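Colleague: Can you keep this structure in mind? I'll have questions shortly.
Quick note: the coordinates plus some simple rules give every number you see, no bench work behind them. Not measured: the values here are computed from a predicted model. A quick note on method: Cβ atoms are made from the backbone with ideal geometry, for glycine too, and the neighbour counts reach across all protein chains shown.
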Ligand SMILES: CC(C)=CCC/C(C)=C/CC/C(C)=C/COP(=O)(O)OP(=O)(O)O
């Protein structure tokens, strides 16, 4: 601007200062994005979308940067993707932030990822920041007990500070693998079935009868998956298990309401996106993707994922939904 001041009269220069080209471009871009999201919202909207945020290291290496910087760019991409999802009114967003296997990566890289959790992500949950102003509940899924104490403290405070939020849920899988999640769910199901079987059989034995036990069904195991942890569900989305639906509805409509806590499950996973052109699940949400989930493998590396990629994914999913509706 200073060299321009030699040629441009002062009042015009003043106007140019007020005009601020970079702010103007940012405003135009954000208006354009809101318009696109509003158009997309005219169609069906998925309730639950998951992301395998792959390609941070490649993004860094291609630019001659240290790996840590690639993950930092990945974090910025997570923030902008969250805004896209919120703008689309998607209620559940589940991201693969840290696999249990990632502990085996170089120390500096692991420390960089943990620092993003206790630093940048923690700040987004503080008073007046993004998660508060957008009413987003943040929950961590996986083996939190494997995290260092200071990261665990940050995780617990993020969950506490956002626990009453109702507009959307961000599930951060960290440290997580799908096989571990399924194994834990099976163990919990067995414990539940055994404890209810024992108490009912004692009662029936005393009454002189016998008891065959509660059935272990896929739906019962599913209700114990991390994505169905009651802490990560929005009250308005709770869906009782099929075999409990009737009694749930009865209790809901009964005048004399007794406390009833049916096992519940979250809305099914509609879309899974994996970036960086890798066509694998890598031990992520294997149960949840086993029926009805549309899988999208996108060429862009995670730090490059943006509006264009999201629009493509959503249009493909909407096309699928509308085609099914016409066919059925
Ligand atoms: C704490 C938090 C929410 C962080 C967000 C940052 C972020 C996007 C983390 C994902 C980490 C990860 C292991 C990505 C996989 O790409 P890669 O590293 O395997 O990359 P590559 O496929 O190029 O090797």
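Colleague: Once label points are set 7 Å from the Cα along Cα→Cβ at both residue 160 and residue 299, what is their separation, rounded to one decimal in nm?
Modeller: 4.8 nm
Colleague: Counting other C-beta atoms within 10 Å, which of 165, 14, 224, 279 has the fewest, and how do the rest follow? Spell out each step's value before the answer.
Modeller: Numbers: 165 18, 14 11, 224 21, 279 7.
In order of increasing Cβ crowding within 10 Å: 279, 14, 165, 224.
Colleague: I need the calculated FRET efficiency for the pair residue 102 and residue 231, taking r as the beta carbon distance and R₀ as 30 Å, to the nearest 0.05.
Modeller: 0.85
Colleague: Based on the mean of other beta carbon atoms within 10 Å per residue, what is the order of 167-174, 153-160, 24-31, 112-119, most packed first?
Modeller: Ranked from most to least packed, the peptides come out as 167-174, 112-119, 153-160, 24-31.
Colleague: Between residue 126 and residue 19, take the C-beta separation as r, use R0 = 25 Å, and let me know the FRET efficiency to the nearest 0.05.
Modeller: Efficiency, rounded to the nearest 0.05: 0.15.
Colleague: Compute the separation of the alpha-carbon centres of the stretch 68-90 and the stretch 272-328 and state it in Å as a whole number.
Modeller: Centre-to-centre (Cα) distance: 16 Å.
Colleague: Then there's this: Using Cβ counts within 10 Å as a stand-in for footprinting exposure, how do 163, 83 rank, fewest first?
Modeller: If I rank by nearby Cβ atoms, fewest first, I get 163, 83.
Colleague: Could you line up 302, 65, 317 from fewest to most neighbouring Cβ atoms inside 10 Å?
Modeller: Ordered from fewest to most neighbouring Cβ atoms within 10 Å, 302, 65, 317 come out as 65, 317, 302.
Colleague: Also, I was wondering about something else. Work out Dmax and Rg for the stretch 56-169 from the C-alpha atoms and quote the Rg first, both in angstrom.
Modeller: Calculated on Cα positions, Rg and Dmax stand at 14.5, 43 Å.
Colleague: Round to a whole angstrom and tell me the spacing of the C-alpha centers of the stretch 36-58 and the stretch 168-198.
Modeller: Measuring centre to centre over Cα atoms gives 26 Å.
Colleague: Oh, and also: Grab the beta carbon distance between residue 286 and residue 80, set R0 = 22 Å, and tell me the FRET efficiency rounded to 0.05.
Modeller: Between residue 286 and residue 80 the formula returns 0.20.
Colleague: Please list the equivalent ellipsoid semi-axes of the stretch 1-119, computed as the square roots of five times the alpha-carbon gyration tensor eigenvalues, in descending order and whole angstrom.
Modeller: Equivalent ellipsoid semi-axes, largest first: 37, 26, 10 Å.
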